[in-house]
1. If each of Trp102 and Ala69 carries a label point 7 Å out from its Cα toward its Cβ, how far apart are those two points in nm?
2. Quick check: pseudo-label points 7 Å beyond the Cα along Cα→Cβ at Leu81 and Ala49, how many nm apart are they?
Amino acid sequence: MFSRRRSGPFFFAVLGDLLKPKSFAGLLRAAPSVALATFSLTVTKDGKAFAQIEARSMILGAVAFLLYAWIVSWLLIRKKLWALMVTYSLLVLWLAVALGLWWVTLR
């Protein structure tokens, strides 16, 4: 049985195997390792309290990015808009949601 701590990297590894192209899949495989290494260094250098704040910030940024990715995908698939225009113009949405979540929860 996998513990919760080990199921995250396992999930990303499986997802990485399923996705094409493999260069994109490699990104998913590396993400959990990079996050764990970053947190280890942060705890060592700045302490657990600071690492906890940073972890919350990363989660809020991921939520904002999920919303951004969902809307971009919807516009590209349903409305058949130009990809460059949609992705660049909706970066403002990601920033607004991320800063809004930060202001509401971490301020």
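Derivation of every value follows stated rules applied to the coordinates shown; laboratory data play no part. Being a predicted model, the structure only gives us computed values, none of them experimental. Methodologically, a virtual Cβ is constructed for each residue, glycine included, from the backbone with ideal geometry; neighbour enumeration extends over all protein chains shown.
1. 2.0 nm
2. 4.4 nm
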